[in-house]
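*Asks:* Attaching a single structure in structure tokens format; questions to follow.
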Amino acid sequence: MRIGISVLSHQGQNIWENGLGQNTIFIAQAFQRLPFVQSVVLIDVGSEGQLPADVDHVAPGLSIVTQQQATDKVDVIVEMAGALDNAWLDLMRARGRKVVYYCCGQPYVGLVEPAVFNRPVHSSRPDRCDEIWVLPKDEACVPMMRTLHRCPVHVVPYVWHQQFLEKRIREVAAHGFHYGYEAAREARQSAGGGLRVAIFEPNISVVKTSSIPMLVCDEAYRAERDSVAAMHVLNTLHIKDHVTMLHLANSLDLVREHHATFHGRHDIVGFMAQHADAVVAHQWCNDQNYSYLDVLYGDYPLIHNSPWLAEMGAGYYYEGFDAKQGGEELLGASRHHDEQLQTYRERARTVFDKVDPFGEANLAQYAARLQSLAGSNGVGT
């Protein structure tokens, strides 16, 4: 079996722009480990014909081709990080090739928000593929996707690996900074004992915003002034002057008493190594995020509302939109994280094992999915 996975290159691209770029590489590497897979290529529908240099360091040898070059090189096409041309997909399916749409974004929000908020978006013809793959976080959307795309929809494993993270950790270390909670503890002590909290939500969709994390931080600060030394709210420069954001921010004690800073975009490793030692996160129907795993890998306190992580006991969990409970969890982290660090670390490692793209269980599930897809019309396995 020969597999092609779509990617989207653009000028100035950075592997830390979003999790999808990394996810694509992990899936390609996993497919390369399957004994019946002859080759894996990346089909670039962008402008550069190459991906960020980080990809070559982490996954050397992955071939990048255009759609036209891929025509005689692939048996299975996975549309994942770049939208493929419908006419080309029709041609490939007519030639007996199989097409999968691997949907990593939140499907309902992706369908609704562009119209509701009048945002320009690329939209492909729904019936262009043979199967849809979704992640466990979006299992509730399976019936909707099945009706929309008129084909089978399957849940596939969510995977993550520390390869890109470790490379970035080495980069910041070369500049004298250390990513990891142990070093952050010393910095916290010199700052008076409170946690320096970072909020990394992108603030471009209702799925992941900083509103609830800001309230969580203020809830903890109101209860104990020395629990939060600073609140850093990232990815907010594009909304900092919006009247709703101003009303929210100016209602907080942390802002009124000058313990809050609003920033642009920064990567987690670089920012945490210099400015913060805890993260508060919030999501709506999107409880599997690479940023959570990056934070847990550094042993930093992660205050989150992800039921998926909570099932494995990882991080500090609050339910839904309960900012009060989130504040209590942040207070608990401020008081007790040091003493329970080993247990915290072990629970995080359980999560990493579960999402390992090269673990036997995940490889077996992807192998079964590909073989079932290919077997339906005799595509080579």
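The numbers here are math on the coordinates, done by the rules we state, and not lab data. Here the structure is a predicted model, which means the values were calculated and not measured. Cβ atoms come from the backbone with ideal geometry, glycine included; neighbour counts cover every protein chain shown.
*Asks:* Would you calculate a helix-derived [θ] at 222 nm for the chain, using -39,500 (n - 2.57) for each DSSP H run of n ≥ 4 and dividing by the full residue count, to the nearest 500?
*Replies:* Here the helix-only value at 222 nm equals -12500 deg cm²/dmol.
*Asks:* Could you give log10 I(q)/I(0) at q = 0.15 Å⁻¹ for the chain, computed by the Debye formula over C-alpha point scatterers of equal weight, without solvent?
*Replies:* -1.36
*Asks:* Next up: Give me the net charge for the shell around Met1: Cβ to Cβ below 10 angstrom, other residues only, Lys and Arg +1, Asp and Glu -1.
*Replies:* That sum, taken over residues with Cβ under 10 Å, equals +1.
*Asks:* So which of Lys137/Lys324; Lys208/Lys240; Lys324/Lys354; Lys73/Lys354 end up more than 27 Å apart, counting from Cα to Cα?
*Replies:* Pairs exceeding the cut-off: Lys324/Lys354; Lys73/Lys354.
*Asks:* Kindly state, as a whole number, the per residue volume in cubic angstrom of the convex hull around the alpha carbon atoms of segment 191-234.
*Replies:* So the per-residue Cα hull volume is 49 Å³.
*Asks:* Hey, quick one: spin label on Glu257, modelled 7 Å out along Cα-Cβ, who in segment 193-215 has an amide N within reach, i.e. under 18 Å?
*Replies:* Zone members listed by number: 193-198, 214-215.
*Asks:* Assigning unit charges at the beta carbon (Lys, Arg +1; Asp, Glu -1) and nothing else, what dipole magnitude in debye, to the nearest 20, does the chain show about its Cα centre?
*Replies:* Roughly 860 debye, rounded to the nearest 20.
*Asks:* Taking a spot 7 Å from the Cα of Met312 along the direction of its beta carbon, which residues of segment 148-180 have an amide N less than 11 Å from it?
*Replies:* Counting only backbone N, you get 158-161.
*Asks:* Give me the distance between the Cα centres of segment 298-352 and segment 214-283, rounded to whole Å.
*Replies:* 18 Å
*Asks:* Fewest Cβ neighbours within 10 Å first, please rank Tyr179, Tyr108 accordingly.
*Replies:* Lowest count first: Tyr108, Tyr179.
*Asks:* Something else: Are there GluC sites (Glu not before Pro) in segment 294-335 that DSSP marks as loop and that have at most 11 other Cβ atoms within 10 Å, and which are they?
*Replies:* Within segment 294-335, the qualifying GluC sites (Glu not before Pro) (loop, at most 11 other Cβ atoms within 10 Å) are Glu319.
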